[in-house]
1. Would you work out if the range 184-225 is rounded, prolate or oblate? Take a ≥ b ≥ c from the square roots of the eigenvalues of the alpha-carbon gyration tensor; rounded if a/c is under 1.5, else prolate when a/b is larger than b/c, oblate otherwise.
2. Report the Cα-based extents of the range 104-206 along its three principal axes, largest first, to the nearest Å.
3. Calculate the translational D of the range 148-238 in whole µm² s⁻¹ from Stokes-Einstein, where the hydrodynamic radius comes from the Kirkwood formula applied to all Cα pairs, the temperature is 4 °C and the viscosity 1.567 mPa s.
4. Between the DSSP loop rule and a limit of at most 14 other Cβ atoms within 10 Å, which trypsin sites (Lys or Arg not before Pro) in the range 179-250 are left?
5. Straight distance only, please: which aspartates and glutamates reach the Cα of K7 with their own Cα at less than 13 Å, same-chain residues fewer than 8 apart left out?
6. Under unit Cβ charges (Lys, Arg +1; Asp, Glu -1), what dipole magnitude, rounded to 20 debye, does the range 1-143 have relative to its Cα centre?
7. Once every Cα of the range 1-80 carries one equal point scatterer and solvent is ignored, give the base-10 log of I(q)/I(0) from the Debye formula at q = 0.17, 0.19, 0.21, 0.27 Å⁻¹, two decimals.
8. Straight-line reach from K196: which lysines fall under 23 Å, measuring Cα to Cα and dropping same-chain residues less than 8 apart?
Amino acid sequence: MICGLIKDDMDYVREGNVFHFVTDEASRPAWSKALDEYLTGTPVNLMMKRKYSGQKRRMNSNDALRHFVEFVSASGGIKVDLASGPSGYFAPFLDTLKDDDCLIITDACPAIIKAHADACKKDNFYIFDVDLDKGLPFKDKSVDLFTGNLLNNVENYPGLIKEAYRCLKPGGKLALIEIFFDQGSKTQQSLAEQGKIWASYEDFVRFCESVGFTCTGSETVATRKGPISPGDLYPLDKDDCSTDKTIYLTKKGSP
Ligand SMILES: C[S@@+](CC[C@H](N)C(=O)[O-])C[C@H]1O[C@@H](n2cnc3c(N)ncnc32)[C@H](O)[C@@H]1O
């Protein structure tokens, strides 16, 4: 089933449930090599199984996050998590995965890919080692659901949303958790001037609708004033407010 989803012109190397679309290290993006060196060259322990347990508790600790997990669990078929990263936030999706569904997670950092491959051995759990800035390896109209948690450091975020739209079946869904800055804040204005689609919730919805998505709902996970951690790049002003939100988008058409 899994190989039938992949575009005919894609080169890849399969190693068990890991599919490497980055087939030679020379073409691995520089940022992912740097992240890999940081994760493997310092005493950072990805402790993925422990993270999965922690994320199962976290995703059940807040109504908006719990609804997000319920939404993902209610969708059957082919589910793909974008830029899955080191947090393991998708762990609760694994618990509700039915035998004939599959979950594909994606990243381009070798240490993160290995940590997830070691932590989860389910037959219908796959890991795609792929540079998402270069497009998605799936055929048109092949995926039921895309998910993503905090994708705003993917360089080509607009291109990724367009690719998700291409790969989704009609009626397919895109469910994201993202940080948005308040409309009119210095940070939002600056990000909007830079053409960042995630500058504010309104900017983001406008962009997704321009691609063809319909926004079917959103909930607030948390709000804050100022940075999450000292030294963060954003917000640009200590008084700027941001909101973590879930957002649900549907591709037009009947399934
Ligand atoms: C974009 S954030 C996503 C956070 C992640 N969803 C989590 O919950 O931990 C960081 C992750 O995205 C991955 N990433 C960023 N840009 C990417 C790209 N172009 N292709 C593949 N992975 C990417 C990084 O390797 C990193 O693991």
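1. Details: a/c = 3.51, a/b = 1.18, b/c = 2.97.
Here the range 184-225 falls in the oblate category.
2. Principal axes ranked by extent give 47, 33, 21 Å for the Cα atoms.
3. Working: Rh = 14.1 Å.
Result for D is 92 µm²/s.
4. Numbers: sites: K186, K196, R206, R224, K225, K238, K245; in loops: K196, K238.
Those satisfying the criteria are K238.
5. Partners within reach: D140, E163.
6. Magnitude of the dipole: close to 640 debye.
7. Calculated log10 I(q)/I(0) at the listed q: -1.09, -1.11, -1.09, -1.15.
8. Filter leaves K134, K162, K173, K186, K225, K238, K245, K251.
Read the figures in this text as sums done on the coordinates, not as results from a lab. Every value quoted in this text rests on a predicted model; they were computed, and no experiment measured them. Note: ideal-geometry Cβ built from the backbone for every residue, glycine included; neighbour counts use all protein chains shown.
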